[in-house]
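Before I ask anything, here is the structure I am working with.
Every number here is computed from the coordinates shown, using simple stated rules; none is lab data. Worth saying up front: this structure is predicted, and the values here are computed from it rather than measured. In this analysis, Cβ positions are derived from the backbone assuming ideal geometry, glycine residues included, and neighbour counts consider all displayed protein chains.
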Amino acid sequence: MENKTIFDKKHSDRPLADKMRPLNFKDFFGQDDIVGSGALLRKIIEKDQLSSIILWGPPGTGKTTLARIIANVTKSYFEEFSAVTSGVADLRRVVKDATERKNFYNKKTILFVDEIHRFNKAQQDGFLPHIENGTIILIGATTENPGFEINSALMSRSKLFELKPLSKEAVRKIIKKALSDIENGLGGLKLKISSEALDLLVKYSAGDARVALNALELVSKISSKKIAANEIEEVLSKKFISAYKGGDNHYDLISVFIKSMRGSDPDATVYWLARMIEAGEDPKFIARRMLVFASEDIGNAAPMALVLATSCFQTVERVGLPEARINLSQCAIYLASAPKSNASYLAIENALKDVREKDFSGIPIHLVNASTNFDKERGKGEGYKYPHNFNENWVNQEYLPQELKNKKYYRPTDNGSEAEIKKRLKKINDLKNEKSKLSDK
């Protein structure tokens, strides 16, 4: 029977970023929240008790590296599988081999699927029966939001771990190790790096170890003894440098972009959009953030905002850059100019708080459908009033559990279309109060 996958780090033609991947936690820098000493993921890896997981995070934050550490630590057979180059036939082969290992050798198979979001939802369904019967343990890696790109059935069978952009200190340690490591890094060249060059490389890597190591490898080929700041600028893309001048990074830019829309400043909004486009930001990432913004910051003040943001996302997927810049601009300017309300956001946050913290007496029995005679005998549905049978399609009736009677979660503003909603709800509330007064007499 074959042994588990072994990753040979000694091939000189491999990129520095790949050769520097650690095979143990001692050499892994960053992501302390999930793999620091005592963290959940680290404990289940070290105890070889891994179940299916999804690793989600930006490029260069350690998703593939964590998979390689698992390959090195686990006693299971480890198979690497790319959603870019592999298809359904490859999955069938993997499952066939994994089934044989399980049945004949009682050996588990861990399947690492890089860029799992590249599989469509139907293809992702192909993993489900094999996860459920224990044939494979899945490690899926994705840079895309799992809520959009990963099958919900697959998500429910996996534990999600989110990786954040690496801290400046973590990137600094990775660069210094690459410069000193003789076996896998650039230690044999005995290169030094000026503090200015190091700071510049750390800043422009924006939490992406691969960007830092790729730039370091390239500059090592043109530098003599000490790497200078101007050499770092020379090897990094001029487009990248010009867009990120002043210390902006991926998350800083999207943050100021959103704040500009929230502040109803279309000019600032389109400027920050332009910087992100020029920096090479994924247009789908920008469009996805606008989707969230449309409900979180505008909501029912301008209901068309979500419709436009959805159309923009679909258009960006189909058109791509450079043309999609126009679609992004149109949508961003509309969102920035639209009336604002975070009432929908506050409503669900407050409702979730009550769900998590308050006792629940159950669904009011008059609201439960009585599907059978047995249900009717138990009183289900008894006393329910059908609103369409009453004037203005409304009747005084309690829909919340008893312990939350008269609780208000949604508080519409006076902005845009939400003003009309507020008027309608006030009318209903007045009628409710009037009916309550009459019943008290």
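For the chain, give the magnitude of the charge dipole about the Cα centre (Cβ charges: +1 Lys/Arg, -1 Asp/Glu; no others), in debye to the nearest 20. Display every interim value, and only then the final one.
Details: 69 positive and 58 negative charges, 137 e Å.
That gives the chain a dipole magnitude of about 660 debye.
Would you mind telling me which residue in Ile428, Ile137, Ile174 has the biggest mean-square fluctuation in a Gaussian network model of the chain, where springs connect alpha carbons within a distance under 10 angstrom?
Of Ile428, Ile137, Ile174, the Gaussian network model singles out Ile428 as fluctuating most.
Still on this structure, please answer the following. Specify the angular offset, from 0 to 90 degrees and rounded to the nearest 10, of the alpha carbon long axis of helix 250-262 from the longest principal axis of the alpha carbons in the chain.
Once rounded, the angle reads 30 degrees.
A further question on this structure: Using a Gaussian network model of the chain whose springs link C-alpha atoms within less than 10 Å, name the residue from Ile45, Ile348, Ile227 with the highest mean-square fluctuation.
Residue with maximal mean-square fluctuation among Ile45, Ile348, Ile227: Ile348.
For log10 I(q)/I(0) by the Debye sum over Cα atoms at q = 0.06, 0.13 Å⁻¹, pick the label among (i) -0.48, -1.22; (ii) -0.25, -1.11; (iii) -0.39, -1.27 that corresponds to the value derived from the coordinates.
Of the labelled values, this structure produces (iii).
Still on this structure, please answer the following. Assuming a ≥ b ≥ c are the square roots of the Cα gyration tensor eigenvalues, decide whether region 250-337 counts as rounded (a/c under 1.5), prolate (otherwise, with a/b larger than b/c) or oblate.
Note, shape of region 250-337 comes out oblate.
Same structure, new question: Tell me, what HN-Hα J-couplings in whole Hz come from the Karplus equation 6.51 cos²θ - 1.76 cosθ + 1.60 at θ = phi - 60° for each residue of region 299-311, using x for Gly and Pro?
Per-residue couplings from phi come out as x, 7, 5, 8, x, 5, 4, 5, 4, 5, 5, 5, 4 Hz.
So if I place +1 on the C-beta of Lys and Arg and -1 on the C-beta of Asp and Glu, and nothing else carries charge, what would the dipole magnitude of region 356-440 be about its Cα centre? I want it in debye, nearest 20.
Details: 18 positive and 14 negative charges, 37 e Å.
Value, rounded to 20: 180 debye.
Along the charge dipole of region 356-440, pointing to its positive end and built from +1/-1 on Cβ of Lys, Arg, Asp and Glu, which listed residue (Asn415, Pro364, Phe374) has its Cα farthest out?
Asn415
While we're on this one: Before rounding to the nearest 500, sum -39500 (n - 2.57) across all DSSP H runs of length at least 4 in the chain and divide by the residue total; then give [θ] at 222 nm in deg cm²/dmol.
Values: 22 runs with 223 residues, N = 441.
Counting only the DSSP helices, I get -15000 deg cm²/dmol.
If I fit a long axis through the Cα atoms of helix 343-357 and take the longest principal axis of the Cα atoms of the chain, what angle between them do I get, 0 to 90°, rounded to 10?
90 degrees
Any idea what angle helix 195-205 forms with the longest principal axis of the chain, computed on alpha-carbon atoms, 0 to 90 degrees, nearest 10?
It works out to around 40 degrees.
Also: In debye, nearest 20, what is the charge dipole magnitude of region 59-193 about its Cα centre with +1 on Lys and Arg Cβ and -1 on Asp and Glu Cβ, if you could check?
Numbers: 22 positive and 15 negative charges, 116 e Å.
Computed charge dipole of region 59-193: roughly 560 debye.
So, one more: Using a Gaussian network model of the chain with C-alpha springs under 10 Å, which one of Asn369, Asn300, Asn106 is most mobile by mean-square fluctuation?
With Cα springs under 10 Å in the chain, the top fluctuation among Asn369, Asn300, Asn106 is at Asn369.
Can you find, among Ser37, Thr85, Gly134, the residue sitting farthest towards the positive end of the charge dipole of region 31-162, where Lys and Arg contribute +1 and Asp and Glu -1 at Cβ?
So the residue we want is Gly134.
Please list, ordered by chain and number, the residues whose modelled amide H lies under 5 Å from the amide H of Ile53; skip anything fewer than 5 residues away on the same chain.
Here the answer is Leu138, Ile139, Gly140, Lys159, since their amide H atoms fall under 5 Å of that of Ile53.
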